[in-house]
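Have a look at the structure below, then the notes.
The values are calculated or read from the model by the stated rules, or taken from the named source; none is laboratory data. Worth saying up front: this structure is predicted, and the values here are computed from it rather than measured. Here the Cβ positions follow ideal geometry from the backbone for every residue, glycine too, while neighbour counts run over all protein chains shown. Accessible surface is based on the protein model in full, side chains and every heavy atom, while ligands, DNA and RNA are left aside. Shrake-Rupley method; radii C 1.70, N 1.55, O 1.52, S 1.80 Å.
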Amino acid sequence: MKIQIINGPNLNLLGIRETGIYGETNFESFLDQLKNEFPDVEINFFQSNIEGEIIDKLHQTGFSVDGIILNAAAYTHTSVAIGDAIKAIKTPVVEVHISNIFSREDFRHVSFIAPYCRGTITGFGLQSYRLALLSFLEGAL
Ligand code: DQA
């Protein structure tokens, strides 16, 4: 099984940025753990702070991999274009967030991508990505 993880803006600073909200682990360390735990899954990772690059990656991978795990970060709450890209591709996308977006500011309660995703996992820290991966492994609809 091939899974693409896509992280959006400011998530390159995980482990440094607002650690009270996002924790002290950097994403690369977490990714190593995830790859060790699921050696039979090909997990590819991409991060960008640029909306168009996230869209390009959705287009590039969205007809070939088995699942996409997307944390669009702040673009979740603003990007019609990323929502359209998810609609345009064939691969199912699971939306993830490290924090619980519904327990934060009102503007974070809106997701422009959620309607086009298979589901949303929010608030479980970095384990949100692991739960998303499990959802693909268990073939959740
Ligand atoms: C986030 C939540 C977003 O509201 C925020 O803009 C982020 C990270 C999360 O993973 O909790 O950058 O997507």
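Table for the structure above
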| quantity | calculated |
| --- | --- |
| Assigned charges on the beta-carbon of Lys, Arg, Asp, Glu; the chain dipole about Cα centre (debye) | 240 |
| Fluctuation leader among 106, 66, 56 - the chain, Gaussian network, Cα springs under 10 angstrom | 106 |
| Cα gyration tensor category, rounded, prolate or oblate, for segment 4-57 with a/c compared to 1.5 | oblate |
| Charge dipole (segment 2-137, unit charges on Cβ, about Cα centre) - positive-most of 6, 132, 49 | 132 |
| Inter-centroid distance (Cα atoms) of segment 36-69 relative to segment 95-114, Å | 21 |
| For the chain, calculated [θ]222 nm from helices alone, where every DSSP H run of n ≥ 4 adds -39500 (n - 2.57) | -9500 deg cm²/dmol |
| Segment 62-141: GluC sites (Glu not before Pro) in DSSP coil with no more than 13 other Cβ atoms inside 10 Å | 105, 138 |
| Net +/- balance of residues flanking residue 34 in space, Cβ distance below 13 Å, scoring K and R +1, D and E -1 | -3 |
| At most 15 other Cβ within 10 Å, DSSP loop - chymotrypsin sites (Phe, Trp or Tyr not before Pro), segment 18-91 | 63 |
| Volume in Å³ per residue [convex hull over Cα atoms, computed for the chain] | 95 |
| Per residue, in Å², the accessible surface of the chain once ligands and nucleic acids are set aside, probe 1.4 Å | 49 |
| Net charge of neighbours whose Cβ lies under 13 Å from the Cβ of residue 55, counting Lys and Arg as +1 and Asp and Glu as -1 | -2 |
| Lysines whose Cα lies under 24 Å from that of residue 90, excluding same-chain neighbours fewer than 8 positions away | 2, 57 |
| Share of carbon and sulfur in the accessible heavy-atom surface of segment 58-107 [1.4 Å probe, %] | 56 |
